[in-house]
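Undergrad: Let me begin by handing over the structure; questions about it come next.
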Amino acid sequence: MTEISRRGDGIAKIEGFIIFVPRAKAGQQVKIKITQVGNRYANGQIVEPVGKEGESQE
């Protein structure tokens with residue numbers, strides 16, 4: 001996750017495409033599942049943390 005939205009969702013960007021992930025934190029690395037796709041963004045949910053206990057990876 002690169003940053004946090006105004007609503008508190010984590011934001012990931014893949015080739016300029018934005019993905020909002022609730023309960024994700026900035027700097028956290030997680031596997032996500034895309035749940036909804038729009039023209040300019042998508043929504044996802046956390047499937048599992050990546051790394052030790054899902055801690056932030058910098």
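None of the figures in this text is laboratory data; all of them are computed from the coordinates on show. A quick note: this is a predicted structure, and the numbers were derived from the prediction, not measured. Quick reminder, even Gly has a Cβ in these numbers, built from the backbone with ideal geometry, and neighbours come from all protein chains shown.
Undergrad: Label Lys31 and Arg6 with points 7 Å out from Cα along Cα→Cβ: what is the distance between them in nm?
TA: Reported label-point gap for Lys31 and Arg6 is 3.4 nm.
Undergrad: From Cα pairs below 8 angstrom and at least 6 apart in sequence, can you work out the relative contact order of the chain, rounded to a whole percent?
TA: The normalised contact order for the chain reaches 29 percent.
Undergrad: Additional query: Grab the alpha carbons of the chain, take their convex hull, and tell me the volume per residue in Å³.
TA: Per residue, the Cα convex hull of the chain comes to 77 Å³.
Undergrad: Can you check what the net charge comes to around Val21, using other residues whose Cβ is under 10 Å from the Cβ of Val21 (Lys, Arg +1; Asp, Glu -1)?
TA: That works out to +2.
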